[in-house]
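See below for the structure under consideration.
The values are calculated or read from the model by the stated rules, or taken from the named source; none is laboratory data. Note that the structure is a prediction, hence the values are computed from the model and not measured. Cβ: placed from backbone, ideal geometry, glycine included. Neighbour counts: every protein chain shown. To get the accessible areas, we keep the full protein, side chains included, count just its heavy atoms, and leave off ligands, DNA and RNA. Shrake-Rupley method; radii C 1.70, N 1.55, O 1.52, S 1.80 Å.
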Amino acid sequence: NAGSSSLKFQVFALKGSGGELDCLVKGQIDGVGTRPRLKAEGTDKKALIDQTYDADKIPDLPAAIQVAGDWLRSTQKVNLLAVGHRVVHGGPDFDRPVRVTTEVATHLERYVSLAPLHQPNNLAPIRTLLDRRPELPQVACFDTAFHRGHGALADYYALPERFYKEGVRRYGFHGLSYEYIAQRLPQVAPNIAKGRVIVAHLGSGASMCALANGRS
């Protein structure tokens, strides 16, 4: 999960033959380009590293990826089998996770103007790994995908049709967060989950989503 000045990551191991995942490491590098700091913890929540670096050591996201990768390989003996990326904008074309190719990455660059603060940073590690590890499977997961099932009333602005065809529509965001909540809600509040629910995603970026039976 790459941002303008941070790189958040988690490492999972396959457990058994059913596809279940165990989280081994959770960490992040923040302050990229200013006061870089690598922090990570293991499954027991105990700190594995808390280290600061000179700004010129980690001046940008590719450098952060390199530092995090080197640390994972050398100290945690991590051998990556695949990488999943959070990508803010999937535009009108991507309504589910997709295996990344050079063509897909180029296609996703079309949406930089729709999410100029996020899309370039989300694509930076994808491009870096395509260059350095072209054989490594990568999957892009989109914050807009959860909302792609909207009906016309929720999807359209009151504008001429040509703007909709050019991509001007209500995409909805924070979909990965809402999708997780929609999956968890039946377990923690089954009576509520089948009805109409308003969910608030609160943070540096904030939004709300109306759910009906778990759908946006």
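Counted as qualifying within the range 30-104 are the strands (runs of 3 or more DSSP E) with 2 or more residues that are farther than 17 Å from Val11 by Cα and either modelled with pLDDT under 95 or over 21 Å from the mean Cα position of the chain (by Cα) (or both), namely 47-52. Listed by first and then second residue, the pairs with beta-carbon distance under 9 Å, at least 6 apart or on different chains, first residue in the range 158-171 and in contact (Cβ under 8 Å) with a residue 12 or more places away in the chain, second open to solvent by 90 Å² or more (accessible area, probe 1.4 Å) and not in a loop (DSSP other than H, G, I, E, B), are Gly167/Arg110. Among the residues of the range 28-47, the ones that are buried (at least 17 other Cβ atoms within 10 Å of the Cβ), of a type in the set (A, V, I, L, M, F, W, C) and either under 24 Å from Pro120 (Cα atoms) or out of contact with any Leu (no Cβ under 9 Å at 6 or more places or on another chain) (or both) come to 3 in all.
Report, by residue number, each residue of the range 113-134 that is within 17 Å of Lys8 (Cβ to Cβ) and buried (at least 17 other Cβ atoms within 10 Å of the Cβ). Hits for the range 113-134 are His118, Gln119, Asn121, Asn122, Leu123, Ala124, Pro125, Ile126, Thr128, Leu129. Condition test on Arg110, is it open to solvent by 70 Å² or more (accessible area, probe 1.4 Å), out of contact with any helix residue (DSSP H, G or I) (no Cβ under 7 Å at 6 or more places or on another chain) and closer than 24 Å to His85 by Cβ? So Arg110 fits the description; yes. Looking for something under 17 Å from Ser4 (Cα atoms), out of contact with any helix residue (DSSP H, G or I) (no Cβ under 8 Å at 6 or more places or on another chain) and open to solvent by 30 Å² or more (accessible area, probe 1.4 Å) - is there at least one such residue anywhere in the range 15-25? The answer is no; no qualifying residue exists.
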